[in-house]
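Asks: Sharing a structure, written as structure tokens. Questions coming.
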Number of protein chains: 2
Amino acid sequence: MLCFDKVGAGGALKVLKRLDESLLTGLAPFRQMSRAEIRAVLDLAASRRYPEGSTVFAAGFPAERFYLLLDGTIRVLRTTPEGEQIVVLHIPAGQLFGIAPAIGATTYPGTAVAASEVIALSWPSRLWSDFTARYPGFGLQAMRTIGQRLGELHARIADLATRQVEQRVAAALMQMAAQGGRRTTGGGIEIAFPVTRQNIADMTGSTLFTVSRLLSAWEQAGLVASRRRHIAVTDPHRLMLVASPPPA
Amino acid sequence: MLCFDKVGAGGALKVLKRLDESLLTGLAPFRQMSRAEIRAVLDLAASRRYPEGSTVFAAGFPAERFYLLLDGTIRVLRTTPEGEQIVVLHIPAGQLFGIAPAIGATTYPGTAVAASEVIALSWPSRLWSDFTARYPGFGLQAMRTIGQRLGELHARIADLATRQVEQRVAAALMQMAAQGGRRTTGGGIEIAFPVTRQNIADMTGSTLFTVSRLLSAWEQAGLVASRRRHIAVTDPHRLMLVASPPPA
DNA sequence: TGCACATGTTGTGCTTCGACAAAGTCGGCG
DNA sequence: CGCCGACTTTGTCGAAGCACAACATGTGCA
């Protein structure tokens, strides 16, 4: 069975609830796998809870394990030679991450930190080839995930290269809302994990100060509502217009 | 045998020479494959020449074929909703491209244009699963290529987010020199494919004007030499210092 | 040879946005 | 309760680099 390392009762319950659900709806990586197969794979997994802000793995280190994110959000960072760090992407619950073996890498290309409290399963990297050989659907889904991330990275690059800061920040908010969002009463979307202005600055290649100003302005205009470390998009439609204004 | 569609005598010779070489040194995707296997794969390929500036495939279209670049350089573009286009990456000879099937995509995520005259082999996408199933090394190398591109994209994002335009332009030059470079007499490196200032601007999220100014300044300082549409880095070491200045 | 067009250069504003300073607010913890 | 630290707000200043205009130069083609 699953071995719960340092997972409190609440965490374990959460995990089981999710797994239950997954057996019904199918967590992406397990689609096209029978329950027995999923069972077998889960038997080999270690489960672990990561408190907010903790590092799951760091760039450049040997890729000893690969992970499946059950709950929470992972932030993937990259540190420049100059020591500044920027947020490359966010990974939502249900996705694989740290899958260096899938791309023939032996070290992690980025650093993964828990953006919120996180629960993740993990397996030793040497099992990767077994898994993909034995369960073709597993490998296929992993490739799809990678493809999707490639697409996101392309889009980020296009963003950074062509848009103004204001549009980038709006786009970053929309993306986080789409990815880690919870509907609120009244048509708004609340971002489910903690975000500081500094985080957003790191995402958009901007500064804390500028982001703060923008959010204040938007809050006054009724586009967003923000508490400390938490942001909700109250008017997604108008914010989207800020992110990509219509040509004329 | 290979079918040469619209390849002139010179092109065909080039192809054969390269293939010959590849049988010796091993083109990346064919490593770990026997000569007979390579032969079999080549038998199914179409070969085609693309004049400079022509589009090999366009973003969003059905991914009907995947390609192996034999000669020349491919520029991968992405068009923003606003119609601006930016250069996402360059692909050097010897690599696979348009490998949407590898990531479970049915349409191309980007547009590929020939940065210089290009010769490429291609296969129908439906053969992808056959190839990877029959020749594991082929799939593995493809994954490595994708992994490498992911890394490059991460680096581009970090660049765009944290560096000044001057550093980005310098970094772009260095990357092109490293990737599509030919040594010149005197320790310099000439970029082997045509590049306009506009191209560089598209790569760095800058403008034609700014790039022109920077190149002029560098030319005066003896870091680069440029003819129309061709650039050589004459002092790679100093240009590298511009790209990433030492911390103190 | 000469024209047309693509490409590159350079000068002058002007906007955007980052740097820095200083102070305000919230939350946790002893 | 009160302190401390993390997070946020707001103001001023200045520079990076974009927009635009006008011109120069090279390249292909008839």
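The values are calculated or read from the model by the stated rules, or taken from the named source; none is laboratory data. Please read these numbers as outputs of a predicted model, since none were measured by experiment. Because the Cβ atoms are built from the backbone with ideal geometry, glycine has one as well, and the counts that use them run over all protein chains shown.
Asks: The conditions are (1) away from DNA strand C (no atom under 15 Å from the Cβ); (2) not assigned by TED's automatic domain parsing to the domain that holds B:GLY94, and B:GLU190 fails exactly one of them. Which is it?
Replies: Every listed condition holds for B:GLU190 apart from (1).
Asks: Looking at this structure, is A:TYR108 of a type in the set (Ser, Thr, Tyr), within 17 Å of A:ALA45 (Cβ to Cβ), more than 10 Å from chain B (Cβ to nearest Cβ) and crowded, with 22+ Cβ neighbours inside 10 Å? Spell out the reasoning first.
Replies: Values: of a type in the set (Ser, Thr, Tyr): yes; within 17 Å of A:ALA45 (Cβ to Cβ): no; more than 10 Å from chain B (Cβ to nearest Cβ): yes; crowded, with 22+ Cβ neighbours inside 10 Å: yes.
Criteria not met by A:TYR108.
Asks: Please identify the pairs in which a residue from the range A:147-166 that is more than 7 Å from chain B (Cβ to nearest Cβ) has its Cβ atom under 6 Å from the Cβ atom of a residue that is part of a helix (DSSP H, G or I) and among the basic types (Lys, Arg), counting only partners at least 6 apart or on another chain.
Replies: Once the first residue is more than 7 Å from chain B (Cβ to nearest Cβ) and sits in the range A:147-166, its partners that are part of a helix (DSSP H, G or I) and among the basic types (Lys, Arg) give A:ASP159/A:ARG168.
Asks: I'd like the full set of residues that are within 11 Å of another protein chain (Cβ to nearest Cβ) and crowded, with 19+ Cβ neighbours inside 10 Å, limited to the range B:91-104. Lay out the reasoning, then the answer.
Replies: The first filter runs over the range B:91-104 and keeps only residues within 11 Å of another protein chain (Cβ to nearest Cβ), leaving B:99-104.
Of everything in the range B:91-104, those that are within 11 Å of another protein chain (Cβ to nearest Cβ) and crowded, with 19+ Cβ neighbours inside 10 Å turn out to be B:ILE99, B:ALA100, B:PRO101, B:ALA102, B:ILE103.
Asks: Say we look at the range B:174-199 and pick out the residues that are within 14 Å of B:LEU215 (Cα to Cα) and within 15 Å of DNA strand D (Cβ to nearest atom); which of these is surrounded by the most Cβ atoms within 10 Å (Cβ to Cβ)?
Replies: Applying the filter and picking the extreme gives B:VAL195.
Asks: On the basis of being away from DNA strand C (no atom under 14 Å from the Cβ), buried (at least 22 other Cβ atoms within 10 Å of the Cβ) and over 18 Å from B:ALA93 (Cα atoms), does B:ASP202 make the cut?
Replies: no
Results for (1) of a type outside the set (A, V, I, L, M, F, W, C); (2) in the same structural domain as B:GLY110 (by TED's automatic domain parsing); (3) surrounded by fewer than 19 Cβ atoms within 10 Å (Cβ to Cβ), shown as yes or no for each residue.
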| site | (1), (2), (3) |
| --- | --- |
| B:PRO29 | yes, yes, no |
| B:MET33 | no, yes, no |
| B:GLU37 | yes, yes, yes |
| B:ASP43 | yes, yes, yes |
| B:ALA46 | no, yes, yes |
| B:THR55 | yes, yes, yes |
| B:ALA58 | no, yes, yes |
| B:GLU64 | yes, yes, yes |
| B:LEU70 | no, yes, no |
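Asks: State yes or no: is A:THR204 of a type in the set (S, T, N, Q), touching a residue at least 24 places away in the same chain (Cβ under 8 Å) and away from chain B (no Cβ under 14 Å)?
Replies: Taking the combined requirement at face value, the residue does not satisfy it.
Asks: Still on this structure, I have one more. Under 30 Å from B:GLY98 (Cα atoms) and not assigned by TED's automatic domain parsing to the domain that holds A:LEU70: does that describe A:GLN220?
Replies: Considered against the rule, which asks whether it is under 30 Å from B:GLY98 (Cα atoms) and not assigned by TED's automatic domain parsing to the domain that holds A:LEU70, A:GLN220 comes out as no.
Asks: Report whether or not A:ARG213 is within 16 Å of DNA strand D (Cβ to nearest atom), modelled with pLDDT of 95 or more and farther than 25 Å from A:GLU52 by Cβ. Lay out the reasoning, then the answer.
Replies: Working: within 16 Å of DNA strand D (Cβ to nearest atom): yes; modelled with pLDDT of 95 or more: yes; farther than 25 Å from A:GLU52 by Cβ: yes.
Judged against the criteria, A:ARG213 is a match.
Asks: Next up: Enumerate the pairs (first residue in the range B:98-115 and on the phi > 0 side of the Ramachandran plot; second residue anywhere and part of a helix (DSSP H, G or I) and not polar (S, T, N, Q)) with beta-carbon separation below 9 Å, excluding pairs fewer than 6 apart on the same chain, so at least 6 apart or on different chains.
Replies: B:GLY104/A:LEU140; B:GLY104/A:MET143; B:GLY104/A:ARG144; B:GLY104/A:ILE146; B:GLY104/A:GLY147
Asks: Within the range B:237-246, is even one residue touching a Ser or Thr at 6+ places or on another chain (Cβ under 8 Å), more than 23 Å from B:VAL76 (Cβ to Cβ) and away from DNA strand D (no atom under 15 Å from the Cβ)?
Replies: Checked the range B:237-246: no residue is touching a Ser or Thr at 6+ places or on another chain (Cβ under 8 Å), more than 23 Å from B:VAL76 (Cβ to Cβ) and away from DNA strand D (no atom under 15 Å from the Cβ).
Asks: Could we say that B:GLY83 is on the phi > 0 side of the Ramachandran plot and surrounded by fewer than 19 Cβ atoms within 10 Å (Cβ to Cβ) here?
Replies: Criteria met by B:GLY83.
Asks: May I pose another question? When the residues of the range A:71-90 are filtered to those that are more than 19 Å from B:ARG163 (Cα to Cα) and hydrophobic (A, V, I, L, M, F, W, C), which remaining residue is farthest from the other protein chains (Cβ to nearest Cβ)?
Replies: First, the residues of the range A:71-90 that are more than 19 Å from B:ARG163 (Cα to Cα): A:71-76, A:90.
Imposing the further condition that a residue be hydrophobic (A, V, I, L, M, F, W, C) reduces the set to A:74, A:76.
On the way: A:ILE74: 15, A:VAL76: 9 Å.
So, considering only residues that are more than 19 Å from B:ARG163 (Cα to Cα) and hydrophobic (A, V, I, L, M, F, W, C), the one farthest from the other protein chains (Cβ to nearest Cβ) is A:ILE74.
Asks: Which numbered condition in (1) at pLDDT below 90; (2) in contact with a helix residue (DSSP H, G or I) (Cβ under 7 Å, 6 or more places away or on another chain); (3) over 23 Å from A:GLY53 (Cβ atoms) is the only one that A:ILE119 fails?
Replies: That leaves (3) as the condition not met.
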